[in-house]
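**Student:** Take a look at this one; I'll ask things after.
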Amino acid sequence: MDLINAWADAIYTENGEKLLQLLAVDNVDAQQAVFEKLQSRPAWDPAPDCRSRLRQRLRGESVWEEVVEALCCMRVALVQGNAVAAIGELMRATGPFNKLFREDMGTWLVRPMGGFVRALRDVGAAANVQAKVPPGKNGYLGEAAAKMNALFSSAHQGAGNRDKKMAALDVVIVLFQVYFRLNTLRMCKSLINAVNSPQFLPFDAFPASQRVTYRFFVGRLAIFAEDYNEAEEHLTYAFEHCHARAARNKAAVARFLIPVRMLLGALPAMGLLEAFGLTVYAPFAEAMRTGSVQQLNESLQANQAAFIHAGTYLLMEKLRQAVCRRLLKRVWLLHRESDPDKAHQLPLVKFQAALAAQGAEMDIDEVECLVANLIFRGYVKGYLSHRHHVAVLSKNDAFPALTAAMLADPNI
Amino acid sequence: MQEAWAAYYAQQAYYAQYGGYGYQQQQWPGYGLPAWQAPAYGGYTPGAAAPSGVSAAAPAGYSVAATQPATALRQVINDAEAKGEMWTRSWDTTPLPLVNGAASVPAVLPRPPPLPPADARSWQASAVRNRAGRSPVRTQSSSRRWQRAQQPSRGEYSARKRARRSPSSSSSSSSSSGSRSRSHSRSPSAERERRERRAGRFGSGHAIGSAGGHSKARRVTKKRLAALRDDVAGAEEVDWDDFVVRGTAQALEKSYFRLTGAPDAAGVRPEPVLERALERLLGLLRAGGESYFYALDQFKGMRQDCTVQHLRNGLTVRVYEAHARAALEYGDVPEYNQCQTQLAVLHGEGLPGCHDEFLAYRILYQTAHARQGERLALLQTLRKAMGPAAAHPSVQHALQVREAVASGNFAAFFKLYAAAPSLGRALMDMALPRVRYSALHVLTRAYQPSVPVALVARLLGFVARSGIASCPSEDTLPGCSRLVFAGVAAPQESEEAGISKCVEWLRAHGAAVVDPASGDTSPTLDCKASKGHLFVPVPVAAVAHGDANLDIDAFLSRAFRELA
């Protein structure tokens, strides 16, 4: 396949899909073509070829020459295995491409815009890996993200044709992916504000895949902000609208949705966990049902590495209070049976014994502290009486539903 | 250098004729372009070091300039314009029309100021000149604006710049010297005196214990750097290690001055001297003689020496670690953060040091600031804390603290506070006020109608609990002056003292404490009355400059040392 001719054809016929394919970093045909070219001419410089053939095909000079030349150089660098040079070439192409997008009056560049930012993301990540950029630094990917922001503002403004704004959500999604990779989540806020602003096209106008991805990332951000109700809303939307055949994506959404739902009191069925391969959550659901602090601690310990890697460790830890609440409820039920007169005055030593049986040895002060926390956060209704060393529980609804509890840290 | 002054006067006169920067807006008739866009023309006028023409013409007394060359210049330019040669004449090689002989010196132009020291022409000149109060920003920007005005294309620009840098002048471009000298001319001697007086308040501008700024080695380096700038093609083969400063100073004591130019080798201590200096400082700190202010100064000087000599080895790690510990002990959080950032990089490179101790500190710091945006960073640090590091007691302690803070388990938090190893308490002090205050909320909400203050004191860490012993290290950690760091909220040994402190704290936060009646033993906290009345008091000891412990004598002692 003749790469430059393919470019020229796509540009001349304004074929967005073809251009998208040519932009894709993992386009095997393009890589093969460049590889063969370099075999025959190791010092091939794409610049003059690009210029002459594009000029001929497009009947005159055009900014596309710079873009295609830079992208061909990028392919050459990638074939030679030099990701750092490749990202340099790609960033060189960004300015002219941006200009072309802004000046074009049609919508054929909407799809290629998505391809362009994805190329920036992939090559930027590869360059970071190759240059061994330490985790704290943004490196090439950070610079690529800055360029993507410029592309986003062009897409968001949609100069000349309102339908060009359809490219915006695509760019937002790729930017989210990059920011999550770089752990610079504070940059996401401005993007969300832009999406919520009235200049943005109505959310439902965008294709389902983009909507689902966007809501997924917004849900994850809400988890980090400890806003669990909102997180549940976004992730549920993403889960329900995710196409049934996109099993891996659905599992990715479920991985975050299930813990959030557990925190809010809705436990997953075993069938659901098996369907998405998330049986790692099964012991947690079990611990929440039985109030087994021991099982919770053991499971947290066993899966600590996996959870920290997935970013859900802090979330799973929050289940501890719900599990303690469950244990307290069971103790209370047993106490009610054994001593019906003083049903609502639960001696704390019983709770201490229960905890000790679970392997969590605590002295009475710590037990009081634990129950005080449960009362404060609304897991349990009642109060503590230190004089009698009992927890006096409310006569009706001593253990309200988990949705009523304070899940986030109190804002004191 | 004389031709540079000659050029300066020519430029001065030219600007005087054409109204300074206003000349840029002039339209030369017939071309449609402002004159300054004519490429070579712009370079021709002032700083142009047309070697033969200028050096031959400029007489020894550089008060040549005056209006004579200005009118002559104007004539030449008009002449070129009339002949239509503005764009075609080779201005680079046209000699300046300077007049031989100093007879026609006008009285209007002021006498030029005395020549500056021979080798201090460049921007890397001595600290005195840099601190002379001259606004470098303005002159730099003006010179840059002027240079931009004459920039047609890249190749020509660099050629012109190379030509301008005449062989006998130093590495600076004469445009910068021109612009700098422009400011000198505008400032009469009174201004100059004021500047020198201002500069004098910093002493010579060099670190104590270092030599002056104009050593031969420095001049040689500057020349080499200048040559490098010209040799664009050979830049890839440069061995930058050659340009790294190799210190020669021997003083063990060196205070810190922020570098404003390339460092002087005579002021930088080499590695063996640094080792001895560090040992000396650690000994002083251990003995408890010196104030933190002094130690901070010395530490920063050592860090600067390490950075400037590109030293990245065990010594650097020890310097940073000692400084971090000293900063933590004093309570200097910004310095601690700087050191911790560097240590994260150095430890990551595999250099030997107390990796576990500082990982524990990092976990504690991020736990204390988790709500202020450190949560994600905490997750990253936790990743590092898994594996072999988790076995270390400091790291285990830090992880337990994190868990306690995350789940609101304040009883465990204060137990861990009492048992904190090394300087953990200093970091837990950052989280402590918030934990205590939220615990107060929990207690007032959960306990009805009241709770004995003895229990509150026990739970909130005012009273020492039996059975918890912190394991003090055998020897003070390097950088610390105390064997055991007690922390702001060290638990009291006796219960009465603890309870009275607790009552004090409760009352300060708006809680209603009922004093014991005659029969009772301890006061009680009235939860019902306290609900809704709790608040965080304004810290009493707050000072505008932020550091309540800063002693005015420590601050002045350095000044006294200088003047003495």
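**Student:** Considering only the stretch A:175-241, give the helices (runs of 4 or more DSSP H) lying wholly within it that have at least 3 residues that are within 22 Å of A:ALA310 (Cα to Cα) and either away from chain B (no Cβ under 14 Å) or in contact (Cβ under 8 Å) with a residue 12 or more places away in the chain (or both).
**Tutor:** Numbers: elements: A:188-196, A:208-224, A:228-241.
It comes to A:208-224, A:228-241.
Okay, residues lined up against (1) in contact (Cβ under 8 Å) with a residue 40 or more places away in the chain; (2) assigned to a helix (DSSP H, G or I); (3) assigned by TED's automatic domain parsing to the domain that holds A:LYS132; (4) acidic (Asp, Glu):
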position: A:TRP7; (1), (2), (3), (4): yes, yes, yes, no
position: A:ASP26; (1), (2), (3), (4): yes, no, yes, yes
position: A:GLN31; (1), (2), (3), (4): yes, yes, yes, no
position: A:ALA43; (1), (2), (3), (4): no, no, yes, no
position: A:ARG51; (1), (2), (3), (4): no, yes, yes, no
position: A:ARG92; (1), (2), (3), (4): no, yes, yes, no
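**Student:** Still on this structure, please answer the following. I need the helices (runs of 4 or more DSSP H) fully contained in the stretch B:475-564, keeping only those with at least 1 residues that are at pLDDT 75 or above and not charged (D, E, K, R).
**Tutor:** B:495-508, B:527-530
**Student:** Moving on to the next point. Kindly evaluate A:ASP104 against the criterion of being under 22 Å from the mean Cα position of the chain (by Cα), over 23 Å from A:ALA77 (Cβ atoms), away from chain B (no Cβ under 14 Å) and touching a residue at least 40 places away in the same chain (Cβ under 8 Å).
**Tutor:** Details: under 22 Å from the mean Cα position of the chain (by Cα): no; over 23 Å from A:ALA77 (Cβ atoms): yes; away from chain B (no Cβ under 14 Å): yes; touching a residue at least 40 places away in the same chain (Cβ under 8 Å): yes.
Answer is no for this residue.
**Student:** Among helices (runs of 4 or more DSSP H) lying entirely in the stretch A:298-405, which contain 1 or more residues that are facing another protein chain (nearest Cβ under 9 Å) and closer than 30 Å to B:VAL453 by Cα?
**Tutor:** Working: elements: A:304-310, A:313-317, A:319-338, A:348-357, A:364-376.
Per the criteria, A:319-338, A:364-376.
**Student:** For residues in the stretch A:136-145 being touching a residue at least 24 places away in the same chain (Cβ under 8 Å) and within 20 Å of the chain's Cα centre (by Cα), which is surrounded by the fewest Cβ atoms within 10 Å (Cβ to Cβ)?
**Tutor:** Pass one, the stretch A:136-145, residues touching a residue at least 24 places away in the same chain (Cβ under 8 Å): A:138, A:140-145.
If we keep only those that are within 20 Å of the chain's Cα centre (by Cα) as well, we get A:138, A:141-142, A:144-145.
Values: A:ASN138: 19, A:LEU141: 24, A:GLY142: 17, A:ALA144: 27, A:ALA145: 23.
Per the stated criteria, the residue is A:GLY142.
**Student:** What pairs come up if the first residue lies in the stretch B:436-456 and is within 7 Å of another protein chain (Cβ to nearest Cβ), the second is surrounded by fewer than 19 Cβ atoms within 10 Å (Cβ to Cβ) and in a helix (DSSP H, G or I), and their beta carbons are under 7 Å apart, counting only those six or more places apart or on different chains?
**Tutor:** B:GLN448/B:LYS528
**Student:** Condition test on A:ALA372, is it farther than 14 Å from B:ARG445 by Cβ and not charged (D, E, K, R)? Don't jump to the end; show me each part of the working.
**Tutor:** Values: farther than 14 Å from B:ARG445 by Cβ: no; not charged (D, E, K, R): yes.
Answer is no for this residue.
**Student:** Here is a follow-up. Tell me, please, whether a residue that is crowded, with 18+ Cβ neighbours inside 10 Å and in contact with a Pro (Cβ under 6 Å, 6 or more places away or on another chain) can be found in the stretch B:283-293.
**Tutor:** No, there is no match, as no residue in the stretch B:283-293 is crowded, with 18+ Cβ neighbours inside 10 Å and in contact with a Pro (Cβ under 6 Å, 6 or more places away or on another chain).
**Student:** Output yes when any residue across the stretch B:383-404 is in a helix (DSSP H, G or I), at pLDDT 85 or above and within 8 Å of another protein chain (Cβ to nearest Cβ), and no when none is.
**Tutor:** Yes, there is a match, as at least one residue in the stretch B:383-404 is in a helix (DSSP H, G or I), at pLDDT 85 or above and within 8 Å of another protein chain (Cβ to nearest Cβ).
**Student:** For the stretch B:323-377, name all the residues that are in a helix (DSSP H, G or I), among the charged types (D, E, K, R) and within 14 Å of B:ALA426 (Cβ to Cβ).
**Tutor:** B:ARG325, B:GLU329, B:GLU335, B:GLU357, B:ARG362
The values are calculated or read from the model by the stated rules, or taken from the named source; none is laboratory data. All values reported here derive from a predicted model rather than from experimental measurement. Reconstructed Cβ throughout: ideal geometry from the backbone, glycine too, with neighbour counts over all protein chains shown.
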